[in-house]
Amino acid sequence: MSVVTRFAPSPTGSLHIGGARTALFNFMFARHHGGRYLLRIEDTDKKRSNMKIVDDILNGLDWLGLKGDADPIFQHKQINRHVEVAHQLLQKDKAYYCYCSPNELKLMRENARAEGRQPRYDSSWRNRKLSLNAPQVGIKPVIRIKAPLSGETTIVDAVRGAVTVMNSQLDDMIILRADGTPTYMHSVVVDDHDIGVTHVIRGEDHLNNTFRQAIIYQAMGWKLPTFAHIPLIYGSDGSKLSKRHGALDISIYRKMGYLPEALNNYLLRLGWSYGNEEIISHDKAIELFNLSGIGRSPSRFDFAKLENINGHYIRKGDNNQLTDMVLANLRSDANNLDLKDSIKLRIYLGMNGLKTRARTINELSNNARFYAANLPLSFDEKARHLLDNCEADIFSRLAQKLTELSSFQESDIKDAICIFAKNNALKLNQVTQPLRAAVTGSVNSPSIFEILSILGKKESIRRIDAVFSIKRTRLPK
Ligand code: GLU
């Protein structure tokens with residue numbers, strides 16, 4: 001049997017962390033078994049579905065590398081087939097027309113409530129033989145499935161194990177509405193059957209639906225797929241996941257500077273484990289993924305962990321690609337920046353130093369900003385304080401020494417600055433910290449020797465001069 005999985009979002013809201021994780025698990029499971037992973041847009045609820053949201057969902061999946069193995073299936077296009085199956089169920093005597101009026105249904109619900117029972121349909125039309133045009137009723141019928149009347153139904157869920165419900169809890173649900181449109185519960189089963197889904201991996205909030213969907217599978221004589229219901233994701237404090245906890249659109253994670261491979265790694269580990277390993281590459285995940293590794297208890301979303309994993313993927317990232325991402329970011333806020341090709345080269349050359357210090361692409365871009373900054377630089381508070389309290393003369397003399405260097409390699413610069421510090425009875429960081437502040441505008445940066453060499457002699461001296469000659473009057477804000 002070749003494995004077929006699917007991710008089936010309803011386009012009533014954008015792609016969130018929970019949906020992305022469901023998609024990822026379906027993707028990984030299919031890849032692990034060399035099977036197929038499909039996408040289905042469950043848009044039969046036309047009023048609540050929205051094409052812009054469909055695009056956002058598909059873009060989010062693309063960005064995560066979770067595109068389906070075929071074009072997405074749009075559920076509304078399969079409606080004729082859903083209707084056909086509903087009529088087959090009628091013919092098999094597994095379903096029936098129900099002519100209950102809205103008033104009768106209301107009464108049924110009220111009675112049930114008054115008697116402390118679950119409000120459910122009482123199957124009154126189950127055994128009445130009436131033709132579709134029954135004159136005495138005068139209302140359009142719905143089609144209801146015949147649910148089992150007694151006994152119990154057990155689903156052996158790949159995550160939860162055997163789960164049993166009493167059949168008395170399942171009523172004869174509607175599969176085709178009076179206006180001829182199929183219900184969600186019915187469409188899902190027909191579509192999953194028709195595309196040959198072997199494993200339904202989805203959120204635990206759908207577990208109850210499974211028992212109802214099983215009735216349709218059984219009535220049609222179709223084999224049930226294996227179900228795996230994934231526990232929900234909670235906030236870091238154990239409460240329901242909210243925006244504050246990270247229940248954000250996938251596109252927002254992208255804007256915040258997370259890498260898709262990091263988000264995938266994090267989501268993979270959020271509910272699935274392989275020993276204690278936190279970092280699991282894409283290929284390794286495909287090799288290892290199984291349903292037995294999915295935990296039964298809810299996971300907690302933890303931003304700090306996601307940041308750590310993101311930092312790992314940034315450090316491992318390709319310098320060319322990282323440079324492109326940084327440039328794209330800086331371009332969107334190019335205030336007082338020079339972004340021509342020579343600047344791109346500076347950022348590329350500085351990338352090894354920069355990437356060890358950043359946990360998001362946004363942080364990386366901010367840290368790289370000084371390479372592209374035009375003069376006058378802007379200085380953060382600490383840098384300004386430091387520069388306001390150091391002697392300009394010393395740095396004017398140091399600038400002179402650096403100007404005289406015949407080679408401006410990192411090691412030459414380092415040697416010259418060490419000697420200069422020693423000759424002036426200064427500790428090395430009494431020289432390097434003000435220098436760093438003058439050249440980058442901050443007291444935190446990669447190695448100052450590396451930075452000076454990447455900026456080159458002319459630009460380095462320009463920046464040192466700009467600070468220490470102006471400083472005698474006032475430092476630019
Ligand atoms: N469309 C459903 C949702 O977005 C998923 C249905 C399913 O996976 O069976 O929650």
Hits in the range 257-277 (condition: touching a Phe, Trp or Tyr at 6+ places or on another chain (Cβ under 9 Å), open to solvent by 60 Å² or more (accessible area, probe 1.4 Å) and outside any helix (DSSP H, G or I)): Y274
The lone exception for P119 - which of (1) within 30 Å of G257 (Cα to Cα); (2) without any contact (Cβ under 8 Å) to a residue 24 or more places away in the chain it fails: (1)
Inter-residue pairs, beta-carbon under 8 Å, first within 15 Å of D157 (Cβ to Cβ) and without any contact (Cβ under 8 Å) to a residue 24 or more places away in the chain and in the range 203-218, second open to solvent by less than 10 Å² (accessible area, probe 1.4 Å) and of a type outside the set (D, E), 6+ apart: H206/H229
The range 207-231, residues that are within 9 Å of the ligand (Cβ to nearest atom) and either in contact with a helix residue (DSSP H, G or I) (Cβ under 9 Å, 6 or more places away or on another chain) or among the hydrophobic types (A, V, I, L, M, F, W, C) (or both): N209, Q213
Counted residues, the range 33-52 - those being touching a Leu at 6+ places or on another chain (Cβ under 9 Å) and either closer than 30 Å to I143 by Cβ or free of Cβ contacts under 8 Å to residues at least 12 places away in the same chain (or both): 2
Search result, residues across the range 1-18 that are without any contact (Cβ under 8 Å) to a residue 60 or more places away in the chain and within 20 Å of L270 (Cα to Cα): P9
Lone qualifier among S292, S365, S297 - being of a type in the set (S, T, N, Q), touching a residue at least 24 places away in the same chain (Cβ under 8 Å) and not in a helix (DSSP H, G or I): S297
Subset tally (residues that are closer than 19 Å to L176 by Cα and touching a strand residue (DSSP E or B) at 6+ places or on another chain (Cβ under 8 Å)) for the range 41-59: 2
Answer residue from the range 49-82, given it is closer than 22 Å to I252 by Cβ and open to solvent by 80 Å² or more (accessible area, probe 1.4 Å) and is nearest to the chain's Cα centre (by Cα) among those: N59
Check on T198, at pLDDT 95 or above, hydroxyl-bearing (S, T, Y) and within 13 Å of the ligand (Cβ to nearest atom): no
Test: residue in the range 20-32 that is more than 10 Å from the ligand (Cβ to nearest atom) and open to solvent by 40 Å² or more (accessible area, probe 1.4 Å): yes
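The values are calculated or read from the model by the stated rules, or taken from the named source; none is laboratory data. No experiment lies behind these values; they were computed from the predicted model shown. Cβ coordinates were reconstructed from backbone atoms using ideal geometry, including for glycine residues, and neighbour counts include every protein chain displayed. Only protein heavy atoms, including side chains, enter the accessible area calculation; ligands, DNA and RNA are left aside. Shrake-Rupley method; radii C 1.70, N 1.55, O 1.52, S 1.80 Å.
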